[in-house]
Structures are given as C-alpha cells and as structure tokens.
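The values are calculated or read from the model by the stated rules, or taken from the named source; none is laboratory data. Because the structure is predicted, anything quoted here is derived from the model rather than measured. Cβ atoms come from the backbone with ideal geometry, glycine included; neighbour counts cover every protein chain shown.
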Amino acid sequence: MHQLPLEVHELIKLALQEDQAFNDPTTESLIDKNLKVNVNLVAKQPGIIAGIDVFIAVLGYIDTDLKFQRLIQDGEEVKQNDTILKFNGSAYSILRGERTALNFIQRMSGIASQTREYVNIIEDLNATIVDTRKTLPGHRFLDKYSVVQGGGRNHRFNLADGILIKDNHLVALSALGLNNTDAVRLAIKNSSHTINVEIETETIEEVRSALSAGAQIIMLDNMDVDTMREAVKLINGKAIVEASGGINLSTVRSVAETGVDLISVGSLTHSVQGLDISLDIKK
C-alpha cells in the first residue's frame, strides 16, 4: 500500500484538521522547533500490523524531513514490546501528529488482528472469512485493506460491486406481487452479464427458490448450523454459498464445517478493538 489512494489522502487531511494539528498551543509553548528526537513505534500487545504507510503519511503531511526505518511490514505478526518502526526528526512535528497517526494504525491493526483470529480457527477447512460494508464512514478502503492483511477477503466494496438482494428489497417487491424467485430473475434480466446476483435466504424453501431462479451466490442468513448443512447439500456446488448473521469466534468453526464457501463477519469492521500501539520518544 505504498501508493495510497486519493480518498485516503483526503481522509488524512481531514483527520489532521479535526485534531487541529497545525494549531497546538501545548507543543508550541513547550517544544523548541530545532529539537531532534529518536522515536520507536512499539506494539504493546500481540497482533497483526496494518497501516504503516498511513502512519508515515500522517506525519509526512506535517514534516517531510522525518526519516523512517521499517522493522515490520503490514500483515506481519508482532509480539508484545516488538518495535514496528523507528524514526527521527523534529519533536515539534512528531508531537503534533502523534495522536492522529496512532488512531489510524491502532484501528487498522485491530481489524487485521481480529480477522487473523477468525482465519486461524478455520484454517484447515475450505471456508473463507470475508468482511461486509459495515465500515466506519470514510474508512472503507482502510478497513477492508486491514481485513486482507489479517488473511481475510473482501466482500462488496460498495453498492456498484454486485447485486445483493436483501430482505428490504424483497419486502418492497412484495408490494408489487413479486416473490424471491421473481426478484432473482428480474435482477438477472436487468443487469449486466458481468455482475453476479446474490440473494439472502432464511429458509430451505427460499434456498430452493433462489437456486431454481439462477442466483450465482446464495446467502444463508441467520440459519442454525443444521439448516445450513441441509442448504449446502441442496445447493450442491450450483452456486457459491455464503453464511452470514451473528457469527462470532465461538461459532465460526461449526459454521465452516457445514461446507459453506464464505463466512461474512460484520464485527470485523463495525466493532473494532484497536491494537495497543505506543509512540515512544527515546530518552
């Protein structure tokens, strides 16, 4: 991720503006602009690192003369007290960008670390952990990048990435007298041949309807594992099968054992616990 996309640069600038990084009376009143320091970025707990380029970019907006030495790459595992990055330069600059830079890398590393936990639990099975669109507004690229660094895969990046017929679409269509089968056929008819059609299902009968209508991806939404297993047997490789809804670390393995292809986990990005990372100026 050495080349950050434009939306990430814009997000960084907004974050620095939000924190008033260029109007910091604490640093201005205490720190000589000529004071140079050596700094370590340190993991205070085990985990997977993501967001080093973003961390560097944040501080780079404040001072282009800071010098960085990477000791860890994104996607690598760290132990407690491992040094991720060493850098040096103006204390006046570093102190103004410290909090914003840490906010980014702590969130991103937290997502990567939790994703890796899920991936490790099912690593000997055929299912793949995927994310959702339940991301922090403005942070979608970074949230989904972090999932990949943790070993997961990305579901739709945005609404344009594919057709996913959800419960509210079906309720709206029912007002026109259309059922689940009609919805899939209508989506296939009215969309490009390059776009897959996915539909949420909650019962075996809905799975059977989705399959007969030609859905390429069938989501098993909030099903118990016995029903999932029956659905996988019914689909029998004729469509990609995704499990979704309330899946957590204690249930993900039993879900994977049903034979589903994908397991989407919203909590990877909507309930993030940041990884504890510290910026330490060396004495």
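A few comments on the model shown:
- Residue list for the stretch 1-58, filter: of a type in the set (Gly, Ala, Ser) and assigned to a helix (DSSP H, G or I): 15, 29, 57
- Test for residue 229: is it basic (Lys, Arg) and within 27 Å of the chain's Cα centre (by Cα): no
- Residue identified as small (Gly, Ala, Ser), farther than 18 Å from residue 130 by Cβ and either modelled with pLDDT of 95 or more or not assigned by TED's automatic domain parsing to the domain that holds residue 107 (or both) among 210, 215: 210
- When the stretch 126-147 is filtered for residues that are without any contact (Cβ under 8 Å) to a residue 60 or more places away in the chain and under 24 Å from residue 253 (Cα atoms), only 133 remains.
- The stretch 118-161, residues that are surrounded by fewer than 17 Cβ atoms within 10 Å (Cβ to Cβ), under 19 Å from residue 48 (Cβ atoms) and acidic (Asp, Glu): 123
- Pairs where the first residue, in the stretch 254-265, is farther than 11 Å from residue 220 by Cβ and the second is of a type in the set (Asp, Glu), C-beta under 9 Å, 6+ apart: 265/131
- Within the stretch 232-241, at least one residue is part of a loop (DSSP other than H, G, I, E, B) and touching a residue at least 12 places away in the same chain (Cβ under 8 Å).
- Residue 132 being farther than 17 Å from residue 40 by Cα, more than 12 Å from the chain's Cα centre (by Cα) and not assigned by TED's automatic domain parsing to the domain that holds residue 25: no
- Selection of first residues in the stretch 185-207 that are surrounded by 13 or more Cβ atoms within 10 Å (Cβ to Cβ) and of second residues that are at pLDDT below 95 and of a type in the set (Asp, Glu), restricted to Cβ pairs under 8 Å at least 6 apart or on distinct chains, gives the following pairs, ordered by first then second residue: 200/167.
- Single match in 250, 192 (criterion: under 24 Å from the mean Cα position of the chain (by Cα) and either modelled with pLDDT under 95 or within 26 Å of residue 125 (Cβ to Cβ) (or both)): 250
- Residues of the stretch 242-270 satisfying the condition of being in a loop (DSSP other than H, G, I, E, B), small (Gly, Ala, Ser) and closer than 19 Å to residue 135 by Cα: 245, 246, 266
- Checking residue 3 against (1) over 23 Å from the mean Cα position of the chain (by Cα); (2) loosely packed, with under 14 Cβ neighbours inside 10 Å, the condition it does not meet: (1)
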